[in-house]
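Student: Sending over a structure as structure tokens; questions will come in a sec.
The values are calculated or read from the model by the stated rules, or taken from the named source; none is laboratory data. In this text, all values refer to a predicted model and were calculated from it rather than measured experimentally. Positions of Cβ are backbone-derived with ideal geometry, glycine not excepted, and every protein chain shown enters the neighbour counts. Calculation scope for accessible area: heavy atoms of the full protein, side chains included, ligands and nucleic acids excluded. Shrake-Rupley method; radii C 1.70, N 1.55, O 1.52, S 1.80 Å.
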Amino acid sequence: QVQFVESGGGLVQPGGSLRLSCAASGFPFETYVMSWYRQAPGKERELVASIFRYGLRTNYADSVKGRFTISRNDASNAVYLRMNSLLPDDTAVYYCNAEPRFTSWGQGTQVTVSS
């Protein structure tokens, strides 16, 4: 059974940093592209960043490029999102999933950027 468990969110001031973690299980993690998504109140879920097998390539949404860094550890079936220079518009619930996406999602982790 596929599972995602996200953690590391919290309340941070504008300009601050957070590191999100996602523990995945139930599928051959190392063979999948892994992604972070986010969903802000009243908005559609959007793709934030993706990392290909062996970390050979990464893609980012224009809104986070240069501020966020995605990484993975295949030995521990984990994917991370380092977020720097956070903005109020980054406030959302953050989720991880594989590509192609599984139908099951984790509970997500809340990130709130506010002074």
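Student: Restricting attention to region 46-66, and to residues there that are among the hydrophobic types (A, V, I, L, M, F, W, C) and open to solvent by 60 Å² or more (accessible area, probe 1.4 Å), which single residue is farthest from VAL33 (Cα to Cα)?
Tutor: For region 46-66, the residue satisfying everything is LEU47.
Student: Has region 42-62 got any residue that is of a type in the set (S, T, N, Q) and farther than 22 Å from TRP105 by Cβ?
Tutor: no
Student: Now for a separate question. Output the number of residues of region 67-104 satisfying the condition of being among the β-branched types (Val, Ile, Thr), open to solvent by 40 Å² or more (accessible area, probe 1.4 Å) and within 10 Å of the chain's Cα centre (by Cα).
Tutor: The number of residues fulfilling the criteria is 1.
Student: Restricting attention to region 28-82, report how many residues are within 22 Å of PRO14 (Cβ to Cβ) and of a type in the set (Lys, Arg).
Tutor: The qualifying residues number 5.
Student: Residue check, THR103 against (1) farther than 20 Å from LEU11 by Cα; (2) at pLDDT 95 or above; (3) in a loop (DSSP other than H, G, I, E, B), all met but one. Which one?
Tutor: Condition (2) is where THR103 drops out.
Student: Can THR112 be described as farther than 15 Å from VAL5 by Cα and either over 11 Å from the mean Cα position of the chain (by Cα) or buried (at least 17 other Cβ atoms within 10 Å of the Cβ) (or both)?
Tutor: Answer is yes for this residue.
Student: Assess whether GLN39 counts as being over 14 Å from VAL113 (Cβ atoms), polar (S, T, N, Q) and surrounded by fewer than 17 Cβ atoms within 10 Å (Cβ to Cβ).
Tutor: For GLN39, the condition - over 14 Å from VAL113 (Cβ atoms), polar (S, T, N, Q) and surrounded by fewer than 17 Cβ atoms within 10 Å (Cβ to Cβ) - is met.
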